[in-house]
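The values are calculated or read from the model by the stated rules, or taken from the named source; none is laboratory data. Predicted model, so just to flag it, every value in this text is computed and none were measured. Heads up, the Cβs are rebuilt from the backbone with ideal geometry, glycines too, and the neighbour counts pull from every protein chain shown. These area figures cover heavy atoms from the full protein model, side chains too; ligands, DNA and RNA do not enter into them. Shrake-Rupley method; radii C 1.70, N 1.55, O 1.52, S 1.80 Å.
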Amino acid sequence: HVQLTESGGGLVQTGGSLRLSCMASGLPFATYAMAWFRQAPGNEREFVAAIGTSGSQKYFGDSAKGRFTISRDNTDNVVNLHMFSLQPEDTADYYCAARHFTSSIARRDYEYWGQGTRVTVSS
C-alpha cells in the first residue's frame with residue numbers, strides 16, 4: 001500500500017532553518033507530483049509547495065516564496081522541503097502529498113497524504 005512518511009519537524013527559533021523530508025513507498029514515485037501543505041491550529045490546510053515528476057517544475061504558495069525550496073530524488077523516492085528564515089507564523093503541521101502525473105496547488109487534487117510532521121517556531 002502507499003505510504004508517505006514525513007520527518008524533520010521540530011522546534012526552531014525565529015530566523016532558523018529546517019529541512020523536512022518525505023519518503024514515499026508503494027507507488028511509482030517518478031510518475032507522481034509531490035507537494036507540501038501545512039495546517040496551523042484552527043486554520044485550513046494550505047498549500048506550501050509542489051514539484052513536478054521530473055523536478056523541473058516547482059510551485060510555491062505565497063507564504064513560501066523566497067524562503068522555502070523544494071526538491072526531489074526519484075532514485076531514493078524522497079521529496080524535501082527546505083525552509084529558511086522561519087517565523088512564528090510558520091508553526092504548523094506539515095503534510096506531504098502525492099498526485100499522479102501533474103502538480104496542483106489544490107488540496108482536493110492529491111490522492112495520498114502522509115501523517116504530518118510538526119514544526120514549531122519560537123519567537
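For (1) open to solvent by 20 Å² or more (accessible area, probe 1.4 Å); (2) outside any loop (DSSP other than H, G, I, E, B), each residue gets a yes or a no:
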{"position": "11", "(1), (2)": "yes, yes"}
{"position": "15", "(1), (2)": "yes, no"}
{"position": "19", "(1), (2)": "yes, yes"}
{"position": "36", "(1), (2)": "no, yes"}
{"position": "41", "(1), (2)": "yes, no"}
{"position": "44", "(1), (2)": "yes, no"}
{"position": "50", "(1), (2)": "no, yes"}
{"position": "56", "(1), (2)": "yes, no"}
### Task
Using the structure shown, decide if residue 66 is within 14 Å of the chain's Cα centre (by Cα) and not charged (D, E, K, R).
no
### Query
Quick one: is residue 103 polar (S, T, N, Q) and buried (at least 17 other Cβ atoms within 10 Å of the Cβ)?
yes
#### Entry: segment 36-50 residues that are more than 11 Å from residue 92 (Cα to Cα), paired with ones that are open to solvent by 60 Å² or more (accessible area, probe 1.4 Å) and among the hydroxyl-bearing types (Ser, Thr, Tyr) (beta carbon under 7 Å, 6 or more apart)
49/59; 50/59
### Message
Just to be sure I understand, how many residues within segment 106-119 are surrounded by 15 or more Cβ atoms within 10 Å (Cβ to Cβ), over 14 Å from residue 41 (Cα atoms) and touching a residue at least 12 places away in the same chain (Cβ under 8 Å)?
### Response
5
### Query
Which one of these does residue 79 not meet: (1) of a type outside the set (Gly, Ala, Ser); (2) exposed (fewer than 14 other Cβ atoms within 10 Å of the Cβ); (3) under 19 Å from residue 1 (Cβ atoms)?
(2)
#### Entry: Residue count, segment 58-76 (criterion: assigned to a strand (DSSP E or B) and open to solvent by less than 20 Å² (accessible area, probe 1.4 Å))
2
### Task
Check whether at least one residue in segment 60-82 is closer than 25 Å to residue 123 by Cα, out of contact with any Cys (no Cβ under 9 Å at 6 or more places or on another chain), acidic (Asp, Glu) and at pLDDT 95 or above, and report yes or no.
yes
### Query
For segment 21-44, which residues satisfy the criterion of being of a type in the set (A, V, I, L, M, F, W, C) and over 16 Å from the mean Cα position of the chain (by Cα)?
27, 30
